[in-house]
1. Can you find even one residue in segment 196-203 that is basic (Lys, Arg) and either farther than 22 Å from residue 154 by Cα or buried (at least 20 other Cβ atoms within 10 Å of the Cβ) (or both)?
2. Can you name the residue in segment 207-221 that is open to solvent by less than 70 Å² (accessible area, probe 1.4 Å) and touching a residue at least 40 places away in the same chain (Cβ under 8 Å) and, of all such residues, is nearest to residue 128 (Cα to Cα)?
3. Hey, can you tell me all the residues within segment 133-154 that are out of contact with any Gly (no Cβ under 6 Å at 6 or more places or on another chain), more than 12 Å from residue 93 (Cα to Cα) and crowded, with 21+ Cβ neighbours inside 10 Å?
4. Could you please give the count of residues in segment 222-243 that are touching a residue at least 24 places away in the same chain (Cβ under 8 Å) and in a loop (DSSP other than H, G, I, E, B)?
5. If residue 180 passes every condition in (1) open to solvent by 50 Å² or more (accessible area, probe 1.4 Å); (2) in a helix (DSSP H, G or I); (3) in contact with a Phe, Trp or Tyr (Cβ under 8 Å, 6 or more places away or on another chain); (4) of a type outside the set (Lys, Arg) but one, which one does it miss?
6. Right, residue 124: within 14 Å of residue 162 (Cβ to Cβ), of a type outside the set (D, E, K, R) and either at pLDDT below 75 or touching a helix residue (DSSP H, G or I) at 6+ places or on another chain (Cβ under 8 Å) (or both) or not?
7. Can you name the residue in segment 246-255 that is open to solvent by 30 Å² or more (accessible area, probe 1.4 Å) and in a loop (DSSP other than H, G, I, E, B) and, of all such residues, is farthest from residue 73 (Cα to Cα)?
Amino acid sequence: MANLAGIANSIGRRPSRRKRSVMLIAASMASVLASCTTIDFGDLQPGTFSGTLIVMWVGEGDRAGDGKFVFVPDPHAPLTFRRPGVNSAPIVPSVMYTDGGSVPKIVQPFKGFNPWGYAPAYMIHDWIFTAHHCLDDGRRDPIYTAVEHINFHDSAVVLGEAIHTLMTKNLVSENDIAKQAITEAVNSPIAANIWKGHHGQCEDDAVKPKHLREIERFLAGSTTDEAKRRNLNIAGAASSLRRPSHAVEVGRVAF
């Protein structure tokens, strides 16, 4: 099983402007920690991760960032998280833009607040938001409806469970301050506003075809489901490229 430090070290110093995972730690971390918490880590149980996490760099970021990153599902062993409980349905993210955890730079130097330190948990949380926005836009694809029972508060609980799982399995070090602050941040009014999104956000946030082609060129089969949902001929276009892929794999964690 890969060490999560690898993915944090490889892309941890290059966070983009993207805020999809809404890890918006409050401007004052102390105010978050001093507030009455609504999610008690003592009540959370660990779930189970399986599959492989892959993150690729596909080009320059926005004006405030220096890289655009994409979570890429492994076509043979997709990243999967199963919440605790016998009847827990698997959460399986599809291809999406991500910046790991959108942790403000002011707190990134502190242990536990690297935006890629809990990358598998952040990908699960990112996907819940992505699927929610697509459901709000009327998309009823099974990959979205699989998580439609998860509401905003539940999304924060799932993130807490995922981080707790990484710590329980000794994939990351125990850090009570980080896990509580991060979980409370994604349960905040700021995060709730991002959860609401806007009409058309599913399409706005979708990975651009030009990036899908580069990803498919690098890892065949990784964009098949996304291309089918959007009626795109990504595989054909990728195979016609007469050059190496511009996508670069910057992180991989296998469970």
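The values are calculated or read from the model by the stated rules, or taken from the named source; none is laboratory data. Only a predicted model underlies this, so the values are computations on that prediction, with no experimental measurement involved. Don't worry about glycine lacking a Cβ; one is built from the backbone with ideal geometry, like all the others, and counts go over all protein chains shown. The accessibility values were calculated without ligands, DNA or RNA, using every heavy atom of the protein model including side chains. Shrake-Rupley method; radii C 1.70, N 1.55, O 1.52, S 1.80 Å.
1. The answer is no; no qualifying residue exists.
2. Step by step, filter segment 207-221, then rank; the result is 207.
3. Residue satisfying the conditions is 134 alone.
4. So the count comes out to 3.
5. (1)
6. Against the criterion (within 14 Å of residue 162 (Cβ to Cβ), of a type outside the set (D, E, K, R) and either at pLDDT below 75 or touching a helix residue (DSSP H, G or I) at 6+ places or on another chain (Cβ under 8 Å) (or both)), residue 124 qualifies.
7. 246
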